[in-house]
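The values are calculated or read from the model by the stated rules, or taken from the named source; none is laboratory data. Note that the coordinates shown come from a computational prediction; the quantities given were computed from them, not determined experimentally. Cβ coordinates were reconstructed from backbone atoms using ideal geometry, including for glycine residues, and neighbour counts include every protein chain displayed. SASA here: full protein model, heavy atoms, side chains in, ligands and nucleic acids out. Shrake-Rupley method; radii C 1.70, N 1.55, O 1.52, S 1.80 Å.
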Amino acid sequence: MKEINRLNDLFVRYLIGIEGDEDILENIVNAVLNDAGFESVGNLEILNPYNLPENENLKESIAPKVGRRLDVKAKTKDGKKVLVEIQLVGNNNFIKRILYYIAKNIASELKESDLYINISQMISISFINFNLDIGSETDMKREHKCLTFADINNPSLRLDDFQIHFIEIKRFEEILKNASTNDYLKNKILSWIDFFTTKDLEKDINKLVGGNTIMSKVIDKYKRFVADEKEMSAYNERDTFLYGQAAMLQYEREAGKKEGMEIGFQQGIEKGIERGEINKAKDIALNLKNMNMSNENISRITGLSIDEIKKL
C-alpha cells in the first residue's frame, strides 16, 4: 500500500471534510470528546465541505496564508460549532491563534443587532505535531490538553461554552507502543493517532479496524486518495509547501539561537532573524526550486520576487 504523510492537512480535509462522510468526522470528534470525559455529538453538518478545484488557481487554494486556514468546520443539530485542524509545526503561540479563530467565529455569527444569547458553544480540536510547554511538568506530559472556563478555587465549577482540545501527537508514541486492540476499543483516539502516524499502514489494518470499525471506511477512502492522480498532485504541492514552512521556522530558530549566544537569547532571536532574513529566504528558495516547486509558490513562501528567484 502506498504511504503518504497522513497528517498532511489537505489529506485530512479530504478524509473528514466531504459531505456524505460525516460519520468519519463524527467518529474522530467523539473520540476526542470522550477521551476528555465529554458526551458525544451527532448529526454533524460540514460547513466548509472539501472541494478540490480543477483550475489554474489550484495551488492558491491549497496553500493558504498563515493564520487564514481552518481544516474543517461543522455544526451539530442543536447549534454547537466544531472546529478541527491539523498543525504540523509551531510553539506555545499557537494557543493564541486558536483563541483568535474562536473569537472570529463568534464575531462572524452575530450581527450588531443580534442577541449575545445566540452565541453557539464552540468546540475547538487541534491535532498538533509538536509539544506545548504549558503548566506544570505533569501538565506538559499530558498528551491531550483540554481547556475550558473554570473557577480557580473549584475547577469542577466550569463553563463548557468553549472547549479547546490540543491533541499532542508526539506524546502518544509511548502509549501506542504497548496499545492493544482492546485499548483502541476503549479509547478510539488511539486508533486515530495510530492511523495518522504508523509507518506501515498495511501491517496495522487489522488492529485499527478491530479497535474502531470506522477505520474500514477510513482506509478505503485513503486508498482512493492515493490512487487519484489529481488528489496526489495537489497533495504533493501542499506537502512541498509545508516543507518550506517548516524549513523557514527551523532556520529562524537556528539563526536566533546563534545570535542569542552573543547578545542575549531574546534579543538574539530578533536580531538573528533580522540579519539572516535575506540569506535564509534565498537558501530556502533554492532548496524549493530544486524540488521543482513553482516560482509563484516559492515567492509566496519566502517573500522573494519572482525575478530574484529566477536568478538563483
Tabulated pairs, the stretch 295-311, first surrounded by fewer than 18 Cβ atoms within 10 Å (Cβ to Cβ), second of a type in the set (S, T, N, Q) and not in a loop (DSSP other than H, G, I, E, B), C-beta under 6 angstrom, 6+ apart or interchain: Ile306/Asn295; Ile306/Ser299
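How about the stretch 178-200: which of its residues are hydrophobic (A, V, I, L, M, F, W, C), in a helix (DSSP H, G or I) and either at pLDDT below 95 or more than 23 Å from Asn8 (Cα to Cα) (or both)? Walk me through it before giving the result.
Let us first name the residues in the stretch 178-200 that are hydrophobic (A, V, I, L, M, F, W, C), namely 179, 185, 189-190, 192-193, 195-196.
Pick out the ones that are also in a helix (DSSP H, G or I) and you get 185, 189-190, 192-193, 195-196.
Matches in the stretch 178-200: Leu185 only.
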Determine whether the stretch 151-158 contains at least one residue that is closer than 27 Å to Thr213 by Cα and of a type in the set (S, T, N, Q). no
Kindly list the number of the only condition in (1) open to solvent by 50 Å² or more (accessible area, probe 1.4 Å); (2) at pLDDT 90 or above; (3) in a loop (DSSP other than H, G, I, E, B) that fails for Lys77. (2)
Pair list, Cβ < 8 Å and 6+ apart or interchain, from the stretch 32-54 residues that are touching a residue at least 60 places away in the same chain (Cβ under 8 Å) to residues that are open to solvent by 40 Å² or more (accessible area, probe 1.4 Å) and assigned to a strand (DSSP E or B): Ala36/Cys146; Phe38/Asp160
With respect to Leu208, is the statement that it is more than 23 Å from Gly37 (Cβ to Cβ) and open to solvent by less than 60 Å² (accessible area, probe 1.4 Å) true? yes
Please specify each residue of the stretch 1-51 satisfying the condition of being of a type in the set (D, E, K, R), open to solvent by less than 40 Å² (accessible area, probe 1.4 Å) and assigned to a loop (DSSP other than H, G, I, E, B). Arg6, Asp21
Find the residue count for the stretch 170-194, including only residues that are among the hydroxyl-bearing types (Ser, Thr, Tyr) and crowded, with 20+ Cβ neighbours inside 10 Å. 2
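Could you list, in sequence order, all residues of the stretch 82-101 that are modelled with pLDDT of 85 or more and not in a helix (DSSP H, G or I)?
Narrowing the stretch 82-101 to residues modelled with pLDDT of 85 or more: 82-88, 92-101.
Val82, Leu83, Val84, Glu85, Ile86, Gln87, Leu88, Asn92, Asn93 - these are the residues of the stretch 82-101 that are modelled with pLDDT of 85 or more and not in a helix (DSSP H, G or I).
Take Glu174 and decide whether it is of a type in the set (D, E, K, R) and touching a residue at least 40 places away in the same chain (Cβ under 8 Å). Before you say what the answer is, go through the steps one by one.
Values: of a type in the set (D, E, K, R): yes; touching a residue at least 40 places away in the same chain (Cβ under 8 Å): no.
No; evaluated as a whole, the condition is false for this residue.
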